[in-house]
Amino acid sequence: MAYAVDNGLRVLWLTRTGSQVSHVSRELRCLPIYGRRMVCIHETVSKIDLRRFNAACRAVRRAGRCPYWPGFPRAVKPPVTAKEVREIGRRIQACPHDCLIASLYATRIVAATHMQLRVIGWLLAKWRARRERTILVLDEGQHVVKGALSMVKDSISLRTVKRAAKEAKKYGFRELGEELEEAVEKYRGILSEDGEVEVEDLLPDVSDLALAGDEIQEAKLRENYVPASYILSLADFKTSLKNNKPILVKEGNRLRLEAPADPVESLRRSTVDGLQP
């Protein structure tokens, strides 16, 4: 760390969990960058599951339905916990995550989770940091490999597919809903005991799912509901599937579909792509 300070370099310290980010922030007196969902203070969006959070957050902001955005985010003085950032956001009526981003210009050391590897190019741009003048520290780096391998298989539960069918029918996409219900019933009849098997893709076309999901999202906004759509989650899964056959997995009473991918490619995307010019 002394070398970085003496040579005017910046340090991006990536660790595994949000609590570890807070610990590093306290130890180094540096700025923590917590995930947007971790510091979200929107009454309903903050309660949405991780898979649907980003789409719902974007939709609410674009529709002007978030009382904290765009707001007037102010820089915070590190170290600061996620709870403290949320309290600051409520006090000044601004997005807590935007307050953290607004604080980047004044710091030379940033702590964040390994998840930032996916968007490291974006983070460095916001920080106005040059790659060749930034030291990357990977705390518990072995978890980067494990994390990449865990991302190899995107998955979606049949329970979510069932909810997507119900959502489709409720908002006028009856044929789409019936197609999803039929797929769920067929998948449920394949495995009688725990295990996994490659199956045919019985889900609707991704373009049909995306179109319906977008319309449902807009309808929910008009009704003052949080625009979190199960159908859009299903569209994301179909995109991950990339025209391959899904894998049906049964564990007890739980059934899910997985979209396999190349582990080498997943690791490359997680650790290299964000560093490209």
Fill in the blank from the handout: Of those in region 94-137 that are out of contact with any Leu (no Cβ under 6 Å at 6 or more places or on another chain) and of a type in the set (D, E, K, R), the residue nearest to P70 (Cα to Cα) is D98
Handout entry: Residue satisfying all of: in region 154-192; of a type in the set (D, E, K, R) and touching a strand residue (DSSP E or B) at 6+ places or on another chain (Cβ under 7 Å); nearest to N243 (Cα to Cα) among these
Key = D154
Handout entry: Subset of region 210-230 [among the aliphatic types (A, V, I, L, M), modelled with pLDDT of 90 or more and under 28 Å from E43 (Cβ atoms)]
Key = A210, A212, I216, A219
Practice task
Count, please, the residues in region 220-235 that happen to be within 15 Å of A164 (Cα to Cα) and out of contact with any Leu (no Cβ under 9 Å at 6 or more places or on another chain).
Solution key: 5
Practice task
Please work out which residue is farthest from C99 (Cα to Cα), limiting yourself to region 7-42 and to residues that are part of a loop (DSSP other than H, G, I, E, B) and of a type in the set (K, R).
Solution key: R16
Completion exercise
Residues of region 200-246 being over 16 Å from R256 (Cβ atoms), touching an Asp or Glu at 6+ places or on another chain (Cβ under 6 Å) and of a type in the set (S, T, Y), in sequence order, are none
Completion exercise
Apart from one, (1) hydroxyl-bearing (S, T, Y); (2) farther than 25 Å from V11 by Cβ; (3) surrounded by fewer than 19 Cβ atoms within 10 Å (Cβ to Cβ) all hold for Y105; the odd one out is (2)
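Looking at this structure, is E223 closer than 25 Å to G64 by Cα, surrounded by fewer than 16 Cβ atoms within 10 Å (Cβ to Cβ), without any contact (Cβ under 8 Å) to a residue 12 or more places away in the chain and among the acidic types (D, E)?
yes
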Practice task
Scan region 191-214 and give yes if some residue there is in contact with a Phe, Trp or Tyr (Cβ under 8 Å, 6 or more places away or on another chain), in a helix (DSSP H, G or I), without any contact (Cβ under 8 Å) to a residue 60 or more places away in the chain and within 15 Å of A164 (Cα to Cα), otherwise no.
Solution key: yes
Exercise for the section: Report the residue count in region 23-55 for those that are farther than 28 Å from L234 by Cβ, touching a Phe, Trp or Tyr at 6+ places or on another chain (Cβ under 9 Å) and surrounded by fewer than 17 Cβ atoms within 10 Å (Cβ to Cβ). Expected result: 0
Handout entry: Search result, residues across region 84-100 that are closer than 18 Å to C30 by Cβ and either surrounded by fewer than 18 Cβ atoms within 10 Å (Cβ to Cβ) or not assigned by TED's automatic domain parsing to the domain that holds E43 (or both)
Key = E84
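The values are calculated or read from the model by the stated rules, or taken from the named source; none is laboratory data. Please read all numbers here as calculations on a predicted model, not as lab measurements. Methodologically, a virtual Cβ is constructed for each residue, glycine included, from the backbone with ideal geometry; neighbour enumeration extends over all protein chains shown.
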